[in-house]
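Working notes, beginning with the structure itself.
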Amino acid sequence: MVASRTAPERDPIRRGADARPAGGAPVVRRPPFSDNPEVGARGQRTQQRILDAALRVFGERGYHRASIERIARLGGCSRVSFYQYFASKEDVFRHLATQVARQIGALTESLDQLTPDRDGWTTLRGWVSRYTETHSRYEPVFHAYETDEVLARIAARTGADVVLGINSRLVTSTLPPRQLEPVIRLLLECLNHTLGVAGVLRSVTPTDYPTDRLDEVITDVLHRTLFGLIRDVNVHPAAGPAPATLEIGPEMRAWLQEDDAPDRVGSDNRAFTALLAAGRDVFVRRGYHNTRVDDLVEAAGVSHGAFYRYFRNKDQLARILTTRALRVGGAALVDIPVASTVDEVGRGGIRSWLRRYNAAEVEEAGMLRVWVDAALQDPVLRAESAPPLDWGRRRMSRYLRPREFGDPDLDAVVMVALLGVFGVRPRATEEVDAAAHIIERGLLGR
């Protein structure tokens, strides 16, 4: 069954209309390049060719390693031609973000009614598939939303429109209207991060996370969250073997196994302790790629010499902070109500654990998110980030397995992503309730 009233073209970025900024305004050359700035079809094609080239360069090299020279060369134009249409690399990125926003908006507008039956599942499956295609094509843009204020505003507006669109198409739900919006909003956050986490894992073992299998799992979780467990509709067995175990490297394994990994370099030293405390805050605030050693020593109030006494570079400090966050996260998972006792514990137990988890993670999860985002924007870091994520995935798979249905190995990817976004900032009561509902209904099927 067709999942939407009008199936969008697979690659709508290449249509002429998409060469125009949001709102349908004409493409113009930037002053002082022309007395008559508005361009015709040829100019629109040139601009779009630059955008396509930029997207490819951002994907190959990451945003921070991309250069205007490389974009212009791949786009078949000169630097002068580039600057006729874009003021900077950031300007190109924001144009791409606007295209993403339009496409996601159109995708949601085309969504049919969402119902608890097979037709409703198929409709949702089609939406997830096309959302995944958009995410795959514009992956570098999705990964940079949180590192740029303008992009973050675009993402927030787009997210609000998607939440409203999905809400308006629900025929019924297990939730009252006032509780539905926070659930859909958290599901959307989880969806985006699930695709990111899967992308990191797929970069090491590409055959273990096929897109069709992941899309089916995501659809099942979304549909169960909205309508409850319906075994002949939103439960599908694993469409492949369990993913391979990714071994954590020896240095990170040593840090994970120690009682307090940084102690081995003298944590009683004031400068070292200050760098650890300030480092996490700086990385979370500025992002991995925007953080410099100058920023770290200034925030810690120490000298460059003190920094290099303990760390080879900012990468080593980021790795130690990420390992500490992993250890805290692992400890917080110990007392999660197990799937076999959830019926006895009830939602109150899940909510209580989520509050404890959020309190423990809110300082550390930000660093984990920084590291994952850095890997998503930097292909070199992806292979190193995959094993810790796989470690979390395997823990969550063991947690979900007692429910005895579906695909716990890939559902675990969704749960890792959910806990990742949930723990990144303090959550209000309605958001705790939303997370509890997703875990209980969407993941445990209670």
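The values are calculated or read from the model by the stated rules, or taken from the named source; none is laboratory data. Because the structure is a prediction, the values reported are computed rather than measured. FYI the Cβ positions are ideal-geometry reconstructions off the backbone, even for glycines, and counts take in every protein chain you see. Only protein heavy atoms, including side chains, enter the accessible area calculation; ligands, DNA and RNA are left aside. Shrake-Rupley method; radii C 1.70, N 1.55, O 1.52, S 1.80 Å.
Here are some notes:
- The one condition in (1) open to solvent by less than 20 Å² (accessible area, probe 1.4 Å); (2) without any contact (Cβ under 8 Å) to a residue 40 or more places away in the chain; (3) closer than 25 Å to Ala97 by Cβ; (4) of a type outside the set (D, E, K, R) that Ala160 fails to fulfil: (1)
- Pairs are defined by a Cβ separation below 9 Å, a sequence spacing of at least 6 or placement on different chains, a first member in segment 93-113 that is open to solvent by less than 10 Å² (accessible area, probe 1.4 Å), and a second member that is part of a helix (DSSP H, G or I) and acidic (Asp, Glu); the pairs so defined are Gln99/Asp18; Ile104/Asp161; Thr108/Asp161.
- Residue count for segment 186-209, restricted to those that are in contact (Cβ under 8 Å) with a residue 12 or more places away in the chain, in a helix (DSSP H, G or I) and over 14 Å from the mean Cα position of the chain (by Cα): 3
- So Glu90, is it modelled with pLDDT of 90 or more, open to solvent by 20 Å² or more (accessible area, probe 1.4 Å) and closer than 23 Å to Ala155 by Cβ: no
- One residue from Arg309, Arg347, Arg327, Arg355 being open to solvent by 40 Å² or more (accessible area, probe 1.4 Å), over 19 Å from Val197 (Cα atoms) and modelled with pLDDT under 85: Arg347
- Residue check, Tyr83 open to solvent by 30 Å² or more (accessible area, probe 1.4 Å) and of a type in the set (Phe, Trp, Tyr): yes
- Subset of segment 113-169 that is part of a loop (DSSP other than H, G, I, E, B) and among the polar types (S, T, N, Q) - its residue that is farthest from Val217 (Cα to Cα): Gln113
- Only residues that are assigned to a helix (DSSP H, G or I) and open to solvent by less than 40 Å² (accessible area, probe 1.4 Å) were counted across segment 414-446, and they come to 20.
- Selection status of Ile230, surrounded by 12 or more Cβ atoms within 10 Å (Cβ to Cβ), at pLDDT below 95 and part of a loop (DSSP other than H, G, I, E, B): no
- Residue in segment 406-413 that is part of a helix (DSSP H, G or I), closer than 12 Å to Arg351 by Cα and either of a type in the set (Asp, Glu) or out of contact with any Asp or Glu (no Cβ under 9 Å at 6 or more places or on another chain) (or both) present: no
This table checks each residue for (1) among the aromatic types (Phe, Trp, Tyr); (2) within 30 Å of Tyr288 (Cα to Cα); (3) over 17 Å from the mean Cα position of the chain (by Cα).
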| position | (1), (2), (3) |
| --- | --- |
| Arg102 | no, yes, yes |
| Ala106 | no, no, yes |
| Glu109 | no, no, yes |
| Arg125 | no, no, yes |
| Tyr131 | yes, yes, no |
| Thr134 | no, yes, no |
| His143 | no, yes, no |
| Glu149 | no, yes, no |
| Ala156 | no, yes, no |
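- Among the residues making up segment 294-306, those that are open to solvent by 60 Å² or more (accessible area, probe 1.4 Å) and either charged (D, E, K, R) or in a helix (DSSP H, G or I) (or both) are Asp294, Glu298, His304.
- Selection of segment 38-80 for residues being open to solvent by 20 Å² or more (accessible area, probe 1.4 Å) and not in a helix (DSSP H, G or I) yields Glu38, Gly40, Ser67, Gly76, Cys77, Ser78.
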